Amino acid sequence: MGGKFALVLLLVGLVVISAGCIGGGGENGSTQTQTTSSPTQSSTQLTSTTSSTTSHTTTTSTAITTTTSTSAYSIPKVSIDELGDYVGKNVSVEGLLLGLSYDSGNHVYVISVGENGTKINVTAKRELLSVINPIDVGVGSTILVTGKVESPDQISAGKIELVEKATPNIVEIKDLSSDMVGMIVVVEGNILSVKEIGSNLTLTISDGTCEIEVRILGSVVDGLDESAKAQLKEGLGVKVGGYLDEHNGKLEVIPYIPEAIIAYGEPLQTTTTTTTTTTTSEEMTTTTTTTTTASSIPTTTTTTTTTTAPPTQPGPQWVTVSDLSSASGVVQLNATWLKLYYSKPNYLLEVSDDTGRANLTVERTLLPNPIEAGTGSVLHLVVNASSMTVLNLSVVSPQPSPLLSTADITYELMGTTVVVEGTVSNFQTIGSNLKFLVVDDSGSITIFVPASVASKLPEDVRSGLQEGASVKISGYVTEYRGTIEVIPYSVEGIEVLT
C-alpha cells in the first residue's frame, strides 16, 4: 500500500515538473495549455492551475512594463529664460499673469506671462481659461502653464493651473485708458442699454463716473444660465471681469468666461459728482454737488480729493518710488524715466518721482519705441519689488527722444535717449553685432547694434544698412573705451531713409 502511494506521488511530481518546464518555454498561457496533456483528471487540473498562474504572472509583468514606460515620460519644469532650449517640446513654466487678449486670426487667446523681467505669450483655447476667472484672478497672479514650446517666447498651452491668486480691485470706469489695453479689469455699474448683435450681447454700463461697453461673445452668452440672462436688463446692476480692449477708438471690457459676469438683479447705488464754478467780482467759488440714485443695495461712498495720489487702476498695490525698497511682491507705480544702462543680460531703468529715485532691471523687449517715447516719458510700471524687476510697462505720458546733431551728443547725455540722422560709414559686422558711423554736417557718432536687435531686423532694413545709406537711429547714449556710442535697443529705433 505504501509503495503504491509513493508511486502516485512520484507520478504527480513528474507531471508538475513537466508542466513547469513547458510553461517556462511558452510566450502566453494558451500555448502552455495546448502543449500540456495528461490522461488523468488530476494531471489536467494541475496543468490548468499552472496555466492560470503563468497567465496571471505574464499579465502582471505587462502591467508593470506599461507603468514603468508611462512614469519614465515626464514633462520638465523650466524657467521662461530656458524656453529657447525646448522648442518643439512639452514643458511646464511658471510666471506672473500680466495681461490677456484675443488673436482673431488664429482663434486663440494670448496670455502675457512674465518672470524676472522676461515676457512670453501663451496661446490658449477658451476652455482653458476657467482657472483665470477675472473676477478673482488679476494681474500679478502666479500661474503654471504646461504645453508645447512654439518659439523661445511662445507656448501653446495644454493646461493652465493657478498657483497664487492676486485678487483684482474694482476700477472706476473713468480711470480706464488706452495704455491699459490687454490688462485684466473688473468694473461694476448699472446697465444703460442692451443690444443683441448676432449671437453677441453688448451692454453699456455706468458706475456714475463714466460709461463703457461690455461685449459678451456668443460663446460666453451660451454659457450663461437663464437666470443670469434674464437679469441683464436696463436699470439693473452688474459686475463684469475681463480684458480691456479697444474697438473703433472706444474702450470695451470683454469677459471671456460666463463666470466673469455677475448679474445682481437690482440697481446698484451710484454717485455722480458735478463741479460747478460760480464767479463773482470779488472771488471765485467752486461748489461740488453730489447726487445719489436710489438703491436697495446699501453702499458707502467716500470721496477724497488729492493732487498727488495716482489714478485708481486694477491689479497690484500702488506704491511710490521710495516705497520700493521696503515693498515685496508685485506692485505698480507711475514714474518718470530718467536714464537707461546695460547690465548683462538685461537693462537698468532709472526712474524717479517726487519721493526719490530707483534703478529697476528691465528686459529689452519691454522698452517702448525710443523715437516715440524716450527718457523723460512718464511710465506705468508693474514691478516685482522683491527683485526690483519690471514685469510690464506702458507709456502714460510720452516724451519723444530729441533729434540731435552728432556733435551735440556728449558725455553729459550718458544714459539718455536721442535720435540722429545721417549717412552710414565704416559699416562692420562683428560676430552677430553691427557697428557703423552715422555722419552728418557736424561730425560723426558710433552706432553699435547688439545681436539681440540685429537678429530681429526686418530683411529690408537689414539689407538697407550699408555704406552710404541714409538712416535715422534712436537709442541711448553710452561710452565704450573712451568712445561715445548710441545703442539702439529696439528694431523700431533703426530706420533706413534711402
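When only alpha carbons are used to place a centre, the stretch 244-258 and the stretch 403-419 end up 41 Å from one another. Taking a ≥ b ≥ c as the square roots of the Cα gyration tensor eigenvalues, the stretch 157-247 comes out oblate, since a/c reaches at least 1.5 and a/b does not exceed b/c. Residues whose amide H falls under 5 Å from that of residue 236, counting only those 5 or more places apart or on a different chain, are 191, with hydrogens built in the peptide plane.
Protection proxy ranking for 179-189, 409-419, 258-268, using the average of other Cβ atoms within 10 Å per residue and placing the highest first: 179-189, 258-268, 409-419. Under a cut-off of 26 Å between alpha-carbon atoms, report the lysines in cross-link reach of residue 159, not counting same-chain residues fewer than 8 places apart. Output for residue 159: 77, 89, 119, 125, 148. In terms of the mean number of neighbouring beta-carbon atoms within 10 Å, the peptides 382-391, 432-441, 209-218 order highest first as 382-391, 209-218, 432-441. For the stretch 313-413, trypsin sites (Lys or Arg not before Pro) meeting the loop criterion (DSSP other than H, G, I, E, B) and having at most 12 other Cβ atoms within 10 Å: none.
Stretched out straight at 0.36 nm per residue, the stretch from residue 338 to residue 435 would grow longer than its current Cα-Cα span by 32.3 nm. Across the stretch 388-397, coupling constants 3J(HN,Hα) worked out from phi with the 6.51/-1.76/1.60 Karplus curve, θ = phi - 60°, read 6, 10, 6, 8, 7, 8, 9, 8, 8, 9 Hz, and Gly and Pro carry x.
Ordering 395-401, 83-89 by mean Cβ neighbour count within 10 Å, with the highest value first, yields 395-401, 83-89. The stretch between residue 75 and residue 233 holds 52.1 nm of extra length on full extension. This uses 0.36 nm per residue minus the Cα-Cα distance.
If the segment from residue 411 to residue 161 were pulled out straight at 0.36 nm per residue, it would be longer than the present Cα-Cα gap by 85.0 nm.
No value in this document is a laboratory result; all are computed from the given coordinates. Worth saying up front: this structure is predicted, and the values here are computed from it rather than measured. Note that we place each Cβ from the backbone using ideal geometry, even for glycine, and neighbour counts take in every protein chain shown.
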